[in-house]
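Enquirer: Structure in structure tokens, see below.
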Amino acid sequence: MERPERRQPVELLVDSGSTYTGVAAALLRGLSVVPTERRRVVTIAGQLAERDAAEVLITLEGRTLHTVCLFGDAGDLDVLDAYTLEGFGLGVDPIQRKLIPALQYGAATA
């Protein structure tokens, strides 16, 4: 995770079933990331919850892009989500347990 003036390596669990990347709130605040909104989400346990969110820069495999990141509560897992994976054009190879280039769908042609 990074801000233009600060960077912090973070190990994330890849969860293609999650909509948003989530990182511990304390880590994000330590990087001076300020929440810009709150999002309603369903937790892995199936509970409805609200989390602070902000747009952050994330560097993955040598590329840096913006993504939405939730401020995780105590007990939340730090995860890399489907939205971010798609933004980077990556998918998951569950057999080899690694990220791989994924075919992206763009505009339709006539």
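Enquirer: Within the stretch 25-42, how many residues are out of contact with any Ser or Thr (no Cβ under 8 Å at 6 or more places or on another chain) and closer than 20 Å to LEU85 by Cβ?
Expert: 3
Enquirer: Further question on the same structure: Within the stretch 65-110, count every residue that is surrounded by 13 or more Cβ atoms within 10 Å (Cβ to Cβ) and among the charged types (D, E, K, R).
Expert: Residues flagged as surrounded by 13 or more Cβ atoms within 10 Å (Cβ to Cβ) and among the charged types (D, E, K, R) within the stretch 65-110 amount to 5.
Enquirer: Specify which of the listed residues (VAL23, VAL33, VAL56, VAL14) is farther than 25 Å from LEU99 by Cα and of a type in the set (Val, Ile, Thr).
Expert: So the residue among VAL23, VAL33, VAL56, VAL14 that is farther than 25 Å from LEU99 by Cα and of a type in the set (Val, Ile, Thr) is VAL33.
Enquirer: List every residue pair whose Cβ atoms lie under 7 Å apart, where the two residues are 6 or more positions apart in sequence or sit on different chains, the first residue falls within the stretch 6-19 and is under 24 Å from GLY30 (Cα atoms) and touching a residue at least 40 places away in the same chain (Cβ under 8 Å), and the second residue, located anywhere, is aliphatic (A, V, I, L, M) and in a loop (DSSP other than H, G, I, E, B).
Expert: VAL10/MET1; LEU13/LEU77
Computed from the coordinates by the stated procedures, all read-outs in this text should not be read as laboratory data. Please read these numbers as outputs of a predicted model, since none were measured by experiment. Every residue, glycine as well, gets a Cβ built from its backbone with ideal geometry; the counts of neighbours run over all protein chains shown.
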